[in-house]
Amino acid sequence: MTKTTNTHQLPLAITEFGAGTGRPALILHGGGGPGTVAPIAGHLAQQRHLHTLVPVHPGWDGTPRPDWCDGVDDLALAYLHLLQDRGLWDVLVVGSSLGGWIGAEMAVRDLGGIISGLVLIDAAGIAVEEAPIPDFFSFDARQVAEHSFHDSDRFYTDPALLPPEQLALRAANMATMRTIAGDPYMHDPKLRRRLGRVTLPTMLLWGESDRVFSPAYGAAYADAFGGETRFEVIPEAGHLPQIEQPEATFALIDAYLTGTRRGPRTDPRTSPRTDARTGPHMARSSAPKSYNAKSSTGR
């Protein structure tokens, strides 16, 4: 079911599956729109029986975007407010590309401990000097496919074959992407340092053939988190492993889910883990990081 809700004067179009049952999961799409995360939402709702919420970021697919909503931080706060307003708890956040960046920004702001699990898939959001991000906004359709997919010929579509309305929608989505993530380009200069305060269980999934955000970029992202973090590289996949290698992607998410479910909600006033300044899961943990042996960085 798709409906529009207003969160602090920001209209959000949200598709929900399994509403009212199961652990809540917020699924955040990247620049390609909500269709890029539809396989994840369908799997989690149908196979894992989660209550999935899939918003369309304001400005994508013809949805309204107020002028003041011009940064990833605005989206991160809007989605945290959404979860708070709905009274949701023990929330799994899964974000792909730009959506992963939004999820990371949510985690550093989640002082109430609403989020209990975080999965980032080929996420944007930090600056890594050793793994610079190419100028995606300058790419033509062929270059987008070559940088985004392991098998670019399979997923390339000649723009000349698309109807005018679809071309216009793509152009509008890209214009919104430029507004939200164009300056600073594809990152928040403060995010990498702030991630050291995030200790909730986190998994980063990375396509081995991603040429937009390379596996080396993903490994640096994983290193930035302060707690137990898994970094898994998926062979024969590019920027959207959930599209190119769905079975491998879903298997890793399913394995991760078994260890991240939180118990019943407790009163934060009596919880020994809660700190008024940092929230219940923001104190630094000494838990080791675990890395997939297939990582291109050798971890």
Worksheet item: Among the strands (runs of 3 or more DSSP E) contained in region 1-109, which hold 2 or more residues that are within 21 Å of L252 (Cβ to Cβ)?
Response: 24-28, 51-56, 91-96
Practice prompt. Specify which of the listed residues (P215, P189) is under 22 Å from the mean Cα position of the chain (by Cα), open to solvent by 70 Å² or more (accessible area, probe 1.4 Å) and in contact (Cβ under 8 Å) with a residue 40 or more places away in the chain.
Written response: P189
Worksheet, complete the sentence: When A131 is run through (1) over 22 Å from Q245 (Cβ atoms); (2) open to solvent by less than 70 Å² (accessible area, probe 1.4 Å), the failure sits at (1)
Response to the item:
Those residues of region 1-23 which are farther than 21 Å from P39 by Cα, hydrophobic (A, V, I, L, M, F, W, C) and open to solvent by 40 Å² or more (accessible area, probe 1.4 Å) amount to none
Discussion item. So the check is Cβ under 7 Å with 6+ separation or different chains; which pairs have a first residue in region 239-260 that's part of a loop (DSSP other than H, G, I, E, B) and a second one that's at pLDDT 95 or above and open to solvent by 50 Å² or more (accessible area, probe 1.4 Å)?
Written reply: Q245/E236
Worksheet item: Within region 64-73, how many residues turn out to be free of Cβ contacts under 8 Å to residues at least 40 places away in the same chain and either among the acidic types (D, E) or closer than 18 Å to R109 by Cα (or both)?
Response: 1
Practice prompt. Give region 142-158 a look and list any residue that's surrounded by 12 or more Cβ atoms within 10 Å (Cβ to Cβ) and outside any loop (DSSP other than H, G, I, E, B), or say none.
Written response: R142, Q143, V144, A145, E146, H147, S148, S152, F155
Item to complete: Output the residues belonging to region 183-216 that are of a type in the set (A, V, I, L, M, F, W, C) and assigned to a loop (DSSP other than H, G, I, E, B).
Response: M186, V198, L200, V212, F213
Worksheet item: Would you call A131 part of a loop (DSSP other than H, G, I, E, B), at pLDDT 95 or above and under 14 Å from the mean Cα position of the chain (by Cα)?
Response: no
Item to complete: May I ask you to verify whether D122 is open to solvent by 20 Å² or more (accessible area, probe 1.4 Å) and of a type in the set (D, E, K, R)?
Response: no
Discussion item. Tally up the residues in region 1-18 that are modelled with pLDDT of 80 or more and on the phi < 0 side of the Ramachandran plot, please.
Written reply: 9
Worksheet item: Just a yes or no: is a residue in region 129-143 under 26 Å from A41 (Cα atoms) and touching an Asp or Glu at 6+ places or on another chain (Cβ under 8 Å)?
Response: no
Worksheet item: Which one of these is at pLDDT 95 or above and out of contact with any Ser or Thr (no Cβ under 8 Å at 6 or more places or on another chain): L167, L204, L240?
Response: L167
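Rundown of residues vs (1) at pLDDT 95 or above; (2) open to solvent by less than 10 Å² (accessible area, probe 1.4 Å); (3) in contact with a strand residue (DSSP E or B) (Cβ under 9 Å, 6 or more places away or on another chain), yes/no style:
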{"position": "D73", "(1), (2), (3)": "yes, no, no"}
{"position": "H81", "(1), (2), (3)": "yes, no, yes"}
{"position": "R86", "(1), (2), (3)": "no, no, yes"}
{"position": "V94", "(1), (2), (3)": "yes, yes, yes"}
{"position": "V108", "(1), (2), (3)": "yes, no, no"}
Worksheet, complete the sentence: Per the filter on region 5-18, residues of a type outside the set (S, T, Y) and touching a strand residue (DSSP E or B) at 6+ places or on another chain (Cβ under 6 Å) are P11, L12, A13, I14, E16, F17, G18
Worksheet item: Are any residues in region 110-128 part of a loop (DSSP other than H, G, I, E, B) and not hydrophobic (A, V, I, L, M, F, W, C), and if so, which ones?
Response: D110, G112, G113, D122
Fill in: Set T63, T52: member being touching a strand residue (DSSP E or B) at 6+ places or on another chain (Cβ under 9 Å), surrounded by fewer than 23 Cβ atoms within 10 Å (Cβ to Cβ) and of a type in the set (S, T, Y)
T63
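The values are calculated or read from the model by the stated rules, or taken from the named source; none is laboratory data. Since this is a predicted model, take the numbers as computed values, not measurements. Cβ sites come from the backbone with ideal geometry, for glycine too, and all protein chains shown count toward neighbours. Areas reflect the complete protein model, heavy atoms only, side chains present, ligands, DNA and RNA absent. Shrake-Rupley method; radii C 1.70, N 1.55, O 1.52, S 1.80 Å.
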